1. So for 183, 161, what's the accessible-area order with a 1.4 Å probe, most first?
2. Which shape class applies to region 30-184: rounded if a/c is under 1.5, otherwise prolate when a/b exceeds b/c and oblate if not, where a ≥ b ≥ c are the square roots of the Cα gyration tensor eigenvalues?
3. Could you point to the residue in 263, 245, 213 farthest towards the positive end of region 211-290's charge dipole, with +1 and -1 charges on the Cβ of Lys/Arg and Asp/Glu respectively?
4. Pick from 235, 311, 103: which residue has the top mean-square fluctuation in a GNM of the chain where Cα pairs under 10 Å get a spring?
5. If I take every Cα pair under 8 Å that is 6 or more residues apart in the chain, average their sequence separation and divide by the length, what percent do I get for the relative contact order?
6. Quick one: of the DSSP bridges fully inside the chain, what percent are antiparallel, nearest 5?
7. Per residue, how many Å² of accessible area does region 211-290 show with a 1.4 Å probe?
8. Which FRET efficiency value, to the nearest 0.05, do you get for residue 53 and residue 276 by plugging their Cβ-Cβ distance into 1/(1 + (r/R0)^6) with R0 = 45 Å?
Amino acid sequence: MPKKRILSGMRPTGKLHLGNYVGALENWINLQDEYENYHLVADYHVLTTDLDTTDIFNNTIEMVMDWLAAGLDPVKSPMFRQSQIKEHAELFLIFSMLITKARLERNPTLKEQVRDLNIENLVYGHLGYPVLQAADILLYKGEVVPVGEDQLPHIEITREIARKFNMQYSSDKPIFVEPEGKITNFARLPGLDGQRMSKSVGNTILLSDKPDVVTQKLRKAVTDPQKLRKNDPGRPEVCLVFTYHKKFNPSEIPSIETDCRSGVLGCVDCKMKCASKINLILEPILEKRKTYENNIESVKEILIEGEKKARSVAQQTMSEVHNKMLMG
Ligand code: TRP
């Protein structure tokens, strides 16, 4: 049995936070033996919300260093920049004919961004964001797309576009498979204030934060607002730090739960326990990141290698597309 193929990606906005790790990257790493993998840096996608490209290269390197440091293996999981494979733009053009404006206007992630970023005049490319994402996935015939849950609407649009293409141009033998999204139990790890973790809000723990920074940040994390004093009984079910324990310290969950409820465990101690568990997980990542930081050239080479592999798959798919559509 050949392995199924994974295609996933992230926009390069710089260093990753624990939400990115838990929501997607950790999953990519855990799945990389079971699947054939392709991981893209969605650099053109960044333009949909930010035209300033001054930091885009640097942000790409920072993000890819996090991928590598966390354990994504460049041999098993080639990594590449979307912008370096021209076929993304080409398939995007074709796909943009296969979906209506009304359908894209119904995309919930678009509505959310328009609201959160106060966008008054939506650019054409932003409306087409999921169309480019569909091209990203289908160029590699990705069957499984491990992402955070916010991305599921885009996977649905990708499925619709694949279906439409197959129906219109290759009903005899479909060339595209409809991909499936794959999310983790912790598809959305909240930020230190209990809201969605996001760098623009400033409520993140970064994958590259040093131990003292992690401890400082956790000190300020929100807990049960009714637990005011150390020995007040607490409610783990409404506590953010308890959520972090569930993810990063599962073996101590029963005792933390009992001791929080009974008031034996104070929030400061509980937070320090949590910080040390997180630091234990981050320690090897920090260590490995250092070796890449000292050798940025090696990171660039990994991208160039990944781009060679990606390009040959992308070219093959485009030749199939041309044969079905344009060669009579
Ligand atoms: N839209 C994704 C995000 O913001 C990034 C992305 C671009 C992506 N192309 C992709 C994810 C293809 C999965 C597959 O996180």
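The values are calculated or read from the model by the stated rules, or taken from the named source; none is laboratory data. Just so it is clear, the structure is predicted and the values come from calculations on it, not from any experiment. Using ideal geometry, Cβ is built from the backbone for each residue, glycine included, and neighbour counts are taken over all protein chains shown. Remember, those area values only see protein heavy atoms, side chains included, never the ligands or the DNA or RNA. Shrake-Rupley method; radii C 1.70, N 1.55, O 1.52, S 1.80 Å.
1. 183, 161
2. oblate
3. Final value for the positive-end residue is 213.
4. Looking only at 235, 311, 103, the biggest GNM fluctuation is shown by 103.
5. Rounded, it is 23 percent for the chain.
6. Once the DSSP bridges in the chain are tallied, antiparallel ones form about 15 percent.
7. 55
8. For residue 53 and residue 276, the calculated efficiency is 0.70.
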